[in-house]
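Let me begin by presenting the structure, written as structure tokens, before commenting on it.
No value in this document is a laboratory result; all are computed from the given coordinates. Predicted model, so just to flag it, every value in this text is computed and none were measured. Neighbour counts run over all protein chains shown; Cβ positions are idealised from the backbone, glycine included.
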Amino acid sequence: MSNILEVANVRVRFRSQGALQALVQGNSDPYIDAVRDVSFSVKEGETFTLVGESGSGKSTLAMAVAGLHKAAEGSILFNGDDVTTMDDDAMQTYRKQISFMWQNPVGSLSPRLSVGSLITEPFKIHGLKQQDLRAESDRLLKLVGLPAHFSERYPHQLSGGQARRVGVARALALHPKLIIADEPTAGLDVSVQGEILNLLNRLQDELGVSMFVITHNLNIVRHISDQTAIMYLGRFVELGDTDAIFAQAKHPYTLALLSANPEADPDAQINRIELKGEVPSLLMRPRGCEFHTRCPFVAEGCDQTFPPVHSDNQHWLTCHYPR
Amino acid sequence: MLLYITKRLLLGVVIVILAVTVLFVMIHLVPGDPARILLGPRATTEMIATMSSRMGLDQPLPIQILKFFGNLFRGDLGMDVITKRPVAEIVFGQLPFTLWLIFTAITFAALIGIPLGCYSALHRNTLIDRITGILSIACITAPAFVVALFSLLIFAVWLQWFPAVGAGERGNFGDQVAHIVLPAFAIGLSWIGYLARLVRASMLEVMGENHIRTARAYGLPERVVVFRYALKLAVLPTVTVIGVGMGFLLSAALFTEIVFARPGIGKLIYDSIITRNYPVVMGSVLVSTILFVASTTISDLINAWLDPRIRASL
Amino acid sequence: MSDNVLTIKDLSVHYATNAGVLKALRHINLDVPRGSIVGVVGESGCGKSTLIGSIIRLLADNADVPNGSIEFEGNDLIKLNQDQMRAIRGNSMSIVFQDPMSTLNPVLSIGRQMVDIQYRDKKSYAEKLARSTEMLASVGIPDPAGRLKQFPHEFSGGMQQRISIAMALQANPSLLIADEPTTALDATLEVQIIHLLKELQTNMGCSILFISHHLGVIAELCDFVVVMYAGEVVEEGSVRDVFHRPTHPYTQKLLQCDPAVIAEKSRHLPTIPGEIPNLVEVPPGCVFRNRCEQAMEQCSTVVPLWDECRPGHFVTCHRARE
Amino acid sequence: MILLLKRICREPMGLLGLVLVVLISLSALLASVIAPHDPIALNIVDRLQGPSANYILGTDQLGRDLFSRVLYGGQVALKVALISIALALSIGVLLGMLAGFGPSWLDNLIMLFFDTIRSFPTVMFALATVALVGPSLSTVIVVIVITSIPNYGRVIRTQTLTIKNNEFIQAERVMGASLGRILWVHVLPNVMGPLMILASMDIPTVVALEAGLSFLGMGVKPPTPSWGSILNDGYTLIRNTPWPIIAGSLPLVLITLGFTFLGESLRDLIDPKLRKSL
């Protein structure tokens, strides 16, 4: 199976100080790296999931893939075309083929437009006015399991789950090849989370669309993802088949994340790997392995040299002492 | 922090420079020669030429502006062509009257308005709150010169409680106080309403914030919650508003000074416009602009200093 | 029965809204035994926040308590006046709120705030400051004395939540209410806070009423659990009873739905179809009826009673005894 | 729209505001029909009279009927207010959205422009301008437009900046929507509400400014009736008769109250969160 998206050595930087302030304080490099040296690929018809906690740079990476942030280094190939060097026309064509699902279900819908206008917005943007918008709106609503009369409603009249479905409908409007979903279950109750995940799974099975999902919730990853990567301080620390990550994670951070998830069983055997302290600031990345300040298994050399890459059989990680 | 102060001050200077440039450009764009307007229709070409060169109007615009700033730097605002006195001397002679008037008005407004706003916020939807609300709007909406006219009519002409014109005898403090009451009232009245509403709104907002709920959940006495936890935050916006309000205060002062025939920078501008005394108009508009820019700058700095969140981000 | 720190009986809370009277809580029963941790679990709109508001008596202005009692250390909190209530708050009863970023006053230093809440003690300022330093140290804040001078925004979210806990426990309360204290935090920090709470509770011997929507956290931390749905308590019992033998259909469904529980990879997860009923016009019968797969005829007419299906395990369901 | 009107009428304050605004607007529009006398016709015999059946608000020093002058003065006030606010609003919206959405250098430039204009105390700027070009109605309008642009522009810019970072705008960008479409379809409708409220609350300020300038003799040229010039007459006659002052200030206060009440209840109905920012 071919790769629809290939990301290689991507780095995304932000200014940390204004130009004047940097000049005054003699800071020659007033930038922070939100994403650093990240590589992965999404196979056609599969789901790639990126797991990370707040501040890990996962949303920044998603925005870079969508062309909203400029990558300072590296390449992002979509069907062989590099997103980072696209001109306006190419970008427009690219955006026709991808779609983005936003974290905030209600907030990502333009508040003054009705649901019907919202989900047909992609047609209007790309000048496809010959389409019967009414019919398209009905088709899309049906696809995500909402009754057709919902097209008259406004975003503030929707519940979180319904707004999320509208977001999915809009994402599907132009038959995208790739959907980027940022925290698709954020802010939803447990009972509604299932509905959205089932919907995404069903749509992938029926339409064969590829997905790039960003989440902090490991629980949902198992049920939707084919490949999973774990991100810490803007870098990938482990990447592999989802089953392999859940069954035999080797990086201490992945293990900590997996075990940090309390089970809904009071008698569960807790074999927890607890992390010390908090995520360091991007302004001062730790020396050596960037995870060593919190790693429970920190040993000699971790604070000195950058950890080596271990890669075999689609399972990739960087650690001095993999478990 | 230091960087912020420098930046803010620099911005102020840039704005003043731009403002002066705008004034100069305006004088130049406007059809008609200021010297001709000044001297009237019967002036000879020679007289106009002499006047032009005395006013510096015969030089190119950039030179005029540069010269003006050069002089300004030395505290020289040029010469009053009519009385032959330095403009700076005239303007700074009038300035204290206006400053005292504004200061009295705003103090009086703050002393009444802020407590009133607090009280309304804490006793929301009571009768007193409603009445304060309506009165505040009524106060805000009354233009200063209308208030000035009515207070002149009622308190000076009919009741004769306060003197009608002037600023009082020099050196006679009691007389000066009697003379400042009505003008200060005319300027301050709308500010009472304005401040009351502002403090009420921001107090209500602060009282609804989570940390106030926390303070109450720890059983802190209501007095401490209101005065130590809420008021400090609620008063922050008033600092900005008063700073920006300097412009309105100066405008209001102009009207009141005219109505009460009170010396001050507003009356000076008006009188010099009537006599077409451009150097004085320029000088006094410039000084009031500097005053305004300075007060917004200072209020920004005070705000930054009062709020640790802003302080830290600098 | 006196071994309960908190006993809520038949509590109802209504809100006057434009659409009519919103019956946010209806006939709630709840006990917090001394020295134990009781979890309250429920999805959005179940009335968790209203419950907390009525216990600490900080409800919105349009709220009304038509019936019920909240007994805390021999007082019925509903009957106390504001001054008496204030004497209890922050003294024998404290609270930790959900969003650590907004619960601390942004313009006052941490030390100032921690000293302020000790206003009841007749100690010197230095002694109070020492007490606060000690509390900060006990919640694991490095260099506590130095950090007392700092302002809230200078701390990370996890640290702010630790400070909130330190403030809440400073007066040695007998009941600590924790309102979703870990929801705003990342998973690895959540675990740290849960451990901290458990440790402090063991050391200080207080009781905790812990509100969360996270079943896993409840299972790990709590001794007892209360399940709420649409303004009612539908099930209550020891954590083991409720999690191992869930009796109310809602609890059963909720436990099934949690993606964390489903260890097998599944392309089709269980859900609870339907929505919470409108609480302005509460339908007759059982509130969960319209979403319940096991509903019978009497469920739509008769309100199920608060029933002890096993010793210490209460449930409101017509099928509880089956 | 009709729904909004109904909701305004339900509140006593809003209803009062609406009634006042409609009443004054109508009386100004229909001045030629209602006015019992010619506003500029002199009648020295009847000068300085108090209110009577013939002269509802009395007469001035030239015997002109004050009531008629007040009615015609309303025309001037409303004309100035509507034209200048409409102009300032359009330019302000354009510049504000450009500043909010454009590159940062453009933003800085526009803000500097706004700050410069704002740095002149309004009335002093107006007087300086009038001194240069001479008093006239169009001078007043130009001055008001120039000094109001920054007010609207700043509000629009702040609103645009907040909206710009909202997810729904980001969503449009990822879908490939053009800048024009984003501004026109998604930003403008969301900033228009607050702006209309701001504008309606600004009408009194503008009316007062026009009256103020006319009071100083720097607004409309006599004998054209204006509330400000009536007040000026009253000021000179303050020791003889109070009626010109009362006649000139009454409509001024009423229209101010009307628009303020209306604007306030509009704001409370449309967007209660706005309380602080306006």
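Computed quantities for the displayed model
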quantity: Translational diffusion of region C:180-306, µm² s⁻¹ [Kirkwood Rh, Cα pairs; Stokes-Einstein; 20 °C; 1.002 mPa s]; calculated: 128 µm²/s
quantity: Links that overshoot a 18 Å alpha carbon limit, given the list C:Lys9/C:Lys48; C:Lys9/C:Lys79; A:Lys96/A:Lys124; B:Lys67/B:Lys267; C:Lys23/D:Lys6; calculated: B:Lys67/B:Lys267; C:Lys23/D:Lys6
quantity: Distance histogram in 20 Å bins (all Cα pairs of the protein assembly as shown, percent per bin); calculated: 9, 32, 34, 19, 5, 0
quantity: Cα centre as origin, Lys/Arg/Asp/Glu Cβ charges: the protein assembly as shown dipole, Debye; calculated: 3160 debye
quantity: Per-residue [θ]222 nm for chain B (sum of -39500 (n - 2.57) over DSSP H runs n ≥ 4, rounded to 500); calculated: -25000 deg cm²/dmol
quantity: Relative contact order (%) - region A:3-318, alpha-carbon pairs under 8 angstrom, separation at least six; calculated: 20 percent
quantity: For region A:119-193 and region C:284-322, distance of Cα centres in Å; calculated: 37 Å
quantity: Efficiency of FRET between C:Asn67 and B:Val224 - r from beta-carbon atoms, R0 30 angstrom, step 0.05; calculated: 0.35
quantity: Within 10 Å of each Cβ in C:266-278, the average number of Cβ atoms from other chains; calculated: 5
quantity: Degrees between helix A:115-125 axis and first principal axis of chain A (Cα, 0 to 90, nearest 10); calculated: 80 degrees
quantity: Charge dipole (debye, nearest 20) of region C:103-170; +1 at Cβ of Lys and Arg, -1 at Cβ of Asp and Glu; calculated: 160 debye
quantity: Where only C-alpha atoms are counted, convex hull volume of region A:3-318 per residue in Å³; calculated: 164 Å³
quantity: Within 10 Å of each Cβ in C:65-75, the average number of Cβ atoms from other chains; calculated: 0
quantity: Built amide H within the under 5 Å cut-off of A:Tyr31, gap 5+; calculated: A:Ser16
quantity: Residues A:Leu207 and D:Leu94, FRET efficiency given R0 of 51 Å [Cβ-Cβ distance, rounded to 0.05]; calculated: 0.75
quantity: Interchain or long-range residues, amide H under 5 Å from A:Leu50's placed H; calculated: A:Val213, A:Ile214, A:Thr215, A:Ala229
quantity: Under-5 Å amide H pairs with C:Ser207, H placed in peptide plane, nonlocal only; calculated: C:Gly35, C:Leu175, C:Leu176
quantity: Inter-probe distance in nm under a simple model that places probes 7 Å from Cα toward Cβ, at C:Arg321 and A:Asp81; calculated: 7.1 nm
quantity: In Hz, Karplus ³J(HN,Hα) per residue of region B:137-153 (6.51, -1.76, 1.60; θ = phi - 60°; x = Gly, Pro); calculated: 4, 4, 5, 4, 7, 6, x, 4, 6, 6, 4, 4, 4, 5, 5, 5, 4
quantity: ³J(HN,Hα), Karplus 6.51/-1.76/1.60, whole Hz, each residue of region B:295-301, x for Gly, Pro; calculated: 6, 5, 4, 4, 5, 4, 5
quantity: Contour excess over end-to-end distance, with Cα ends at A:Ala299 and A:Arg139 and 0.36 nm allotted per residue; calculated: 51.8 nm
quantity: Helix axis angle, D:12-29 relative to chain D longest principal axis, alpha carbon, degrees; calculated: 60 degrees
quantity: CD proxy at 222 nm, helix term only [per DSSP H run n ≥ 4: -39500 (n - 2.57); per residue of chain D; nearest 500]; calculated: -24000 deg cm²/dmol
quantity: Contour excess over end-to-end distance, with Cα ends at A:Ala19 and A:Asp243 and 0.36 nm allotted per residue; calculated: 76.0 nm
quantity: Shielding by partners - mean other protein chain Cβ count within 10 Å, residues of B:223-234; calculated: 2
quantity: Calculated from backbone phi, Karplus (6.51, -1.76, 1.60) coupling profile of region C:173-188 in Hz, x at Gly/Pro; calculated: x, 8, 9, 10, 9, 10, 9, 6, x, 10, 4, 7, 9, 5, 4, 5
quantity: Rounded to whole Å, sorted largest first: equivalent-ellipsoid semi-axes of chain B, Cα gyration tensor; calculated: 43, 27, 15
quantity: Three-way shape call for region C:143-227 based on the alpha-carbon gyration tensor, with the a/c threshold at 1.5; calculated: oblate
quantity: Separation of alpha-carbon centers, region B:230-304 and region D:99-123, rounded to whole Å; calculated: 20 Å
quantity: Spatial separation of Cα centroids for region B:119-195 and region C:50-100, in angstrom; calculated: 46 Å
quantity: Charged-residue dipole, Cβ positions (Lys, Arg, Asp, Glu), chain C about Cα centre, Debye nearest 20; calculated: 500 debye
quantity: Inter-label distance, nm, simple model (7 Å from Cα along the C-beta direction), D:Arg10/A:Gln157; calculated: 1.7 nm
quantity: Charge dipole (region B:60-185, unit charges on Cβ, about Cα centre) - positive-most of B:Ile112, B:Gly70, B:Phe162; calculated: B:Gly70
quantity: Distance between modelled label sites at A:Ser41 and C:Gln298, nm, 7 Å Cα→Cβ extension; calculated: 6.5 nm
quantity: Cβ-derived FRET efficiency at R0 35 Å, A:His315 paired with C:His244, nearest 0.05; calculated: 0.45
